[in-house]
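The values are calculated or read from the model by the stated rules, or taken from the named source; none is laboratory data. None of these values were measured; they are calculated from a predicted model. Positions of Cβ are generated from backbone atoms using ideal geometry, with glycine treated the same way; all protein chains shown enter the neighbour counts. Ligands, DNA and RNA are stripped out before the accessible areas are found, and what is left, the full protein with its side chains, is counted by its heavy atoms. Shrake-Rupley method; radii C 1.70, N 1.55, O 1.52, S 1.80 Å.
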Amino acid sequence: MFNSFSIKHADPKSKIDASRALRITLIINFLPLVIGFIAIARTAPIVDASVNVFFSGELYFYAMSLCASIYLTSQLSRDDGNMNMRLWSGVFVLCCAAFMAFYLGDSETTDDGLKTFHGLTSVLFLIVAVVLNYRVMVLAEDPPPSPEDIHRNKAKAMASRVDPDYD
């Protein structure tokens, strides 16, 4: 099931291009976050600034911005070998949207355990969104071979090993 989500077959150029595009996207997306961290770190301890900026739960917004790219790229890729990529990308986007909705609904709470949960979950979703975005970009550029092609190639390889005078 996850084999079609593998990127082992992909051309190195596709991987480099996807990596470069993702780095540029992340730099632009995280620029306000880094500037905010620097501004807070000037007046508060670095640990407090890190918790306020990176573990406040607001990274859901950054993960959702990547989800838009993931969803659009995966849905525009209509290759048969990318069916699982579209499925799992859609599931991830829905999960991220649901957790963000819970975060927004719980934003007025004073429960520290709930704030910690949302802070850690938002970091986790952001990391998964970055990895998934990279994989989706690579697979959209260089999709895996279709199952028919794989079985056809296996059958040809097996047929080539059979003695022509087999009958």
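For 85, 158, the ranking by accessible surface with the largest value first comes to 158, 85, using a 1.4 Å probe.
Taking 0.36 nm per residue of separation and subtracting the Cα-Cα distance, full extension of the segment from residue 124 to residue 152 would add 6.1 nm. Sites listed here are trypsin sites (Lys or Arg not before Pro) in segment 25-131 whose DSSP assignment is loop and whose Cβ has at most 15 other Cβ atoms within 10 Å: 78. Of the whole protein surface, residue 43 contributes about 120 Å² of accessible area at a 1.4 Å probe radius. Couplings for segment 83-92, taken from phi via the Karplus curve 6.51 cos²θ - 1.76 cosθ + 1.60 with θ = phi - 60°, read 4, 5, 4, 5, 5, 5, 5, x, 4, 5 Hz in order; Gly and Pro are left as x. Modelled this way, with points 7 Å down the Cα-to-C-beta line, the labels at residue 87 and residue 54 are 3.6 nm from one another. Count Lys and Arg as plus one, Asp and Glu as minus one, and take only other residues whose Cβ is under 13 Å from that of residue 14; the net charge is then +1.
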